[in-house]
Structures are given as C-alpha cells and as structure tokens.
1. Mind checking whether some residue in the stretch 149-162 is outside any loop (DSSP other than H, G, I, E, B), more than 22 Å from ARG17 (Cβ to Cβ) and not small (Gly, Ala, Ser)?
2. Of everything in the stretch 1-33 that's within 14 Å of the chain's Cα centre (by Cα), surrounded by 14 or more Cβ atoms within 10 Å (Cβ to Cβ) and over 21 Å from ALA144 (Cβ atoms), which residue is modelled with the lowest pLDDT?
Amino acid sequence: LGCAPDFVLRYVSAVERNASGNGRILACLRLDEESVLSKDDHHVLLNTVFSAPTDHFDTTLPMDQTVADWQRAVDETLAMFAQYDAVVTDRFHGLIFAVLMRRPVVVLGTHNHKLSSAMEWFEQVEFVQYADSVEDVQLKMATAMATKDWSVPDWNNLYFNQMATWFSGVNDPESTCA
C-alpha cells in the first residue's frame, strides 16, 4: 500500500493565486491539545517574531456541513490565504492551503507526527520550510520568502493517479506504507 499527501492538493479552485499579499502574516495555529506551543509561544508568534502585522486563524470548521458548504468553506479559506504575504502554521491543512495558494509557509510540529512526517512530500517545494522551534521561525520564514521558485510537484502523477493500483494490494500482507 502506498502513502500519499492530502487529497486536497488535487483541489482545483476558482480562487486566484495573487503574486503579492496584503503585507501581513497569517498564523494558522492550533488552539487545542495537539499544539506544542504555549500561550507565550502564541504571543511571541503573533506579536514579536515578524515585523509585519500577524493575524490568527484556525482551520477547524463545523462538521455538520453539506458538500456545497464544504466547497464554499474551502474556497473562502483559500481566498483568505491568498491575501497574505506568508503563513506560519502547525496545522496540516494550513500547510496544504498555503501550498495551494503558493504562499511562503513555515511549519511547526505538533505532539503527533502528522506534520513532521508530511514534510517529506514537500521537500522539493522551496517555499515550504520546517522550523524545529519558535526561535527558528524567523530565519525559516526569510528562507521561504526569498524563494524564486513557486512550482510544486505534479501530485496527480506522483501519487493520486496511482491510488487504484495501491489499493488493489490492500489485502497483501507484504504491502507497507513507507
């Protein structure tokens, strides 16, 4: 069985990818038990790490929505991400939305492996950087924002187009997710 990044990377939205943002940084940060950030860390990220103004957002949405509601919510979220100069996040979908909108993004880990494990899928994406700590965010953001290459891998050819083949071996005890 193969492993693939989030299927949302395949999403085609009518939202335009702006070349420049609004002069602000979006801090898409967890406010739950999975966060490794303290209240002080949140304060530092929102108020002192960046010279640009910083806004907070959490990607959690109500679960009782129709498909049309979800699509509208995703498009509205993408439109919001497209407005910002850059993103710092400890949320998996914060990373995904930043990549879809080609926004420089610094990723912070959480208590589980979801984000640190996912970074393998984004190694070729120059505007995605991983920070081991809040103290590393500013330097990593400078690196992400200095990129000239806004390309991303062809997720369909690398992963999604192969899913039927992967799933055909689901009952194979030799199959692994590596």
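1. Step one: list which residues in the stretch 149-162 are outside any loop (DSSP other than H, G, I, E, B), which gives 155-158, 160-162.
Add one more test, that the residue is more than 22 Å from ARG17 (Cβ to Cβ), and what stays is 161-162.
Cutting the leftovers down to not small (Gly, Ala, Ser) gives us 161-162.
Within the stretch 149-162 (the criterion being outside any loop (DSSP other than H, G, I, E, B), more than 22 Å from ARG17 (Cβ to Cβ) and not small (Gly, Ala, Ser)), the answer is yes, since at least one residue qualifies.
2. ARG10
The values are calculated or read from the model by the stated rules, or taken from the named source; none is laboratory data. In this text the structure is predicted, and so the values were computed from the model without any measurement. All Cβ positions, glycine included, derive from the backbone under ideal geometry; neighbour counts span all protein chains shown.
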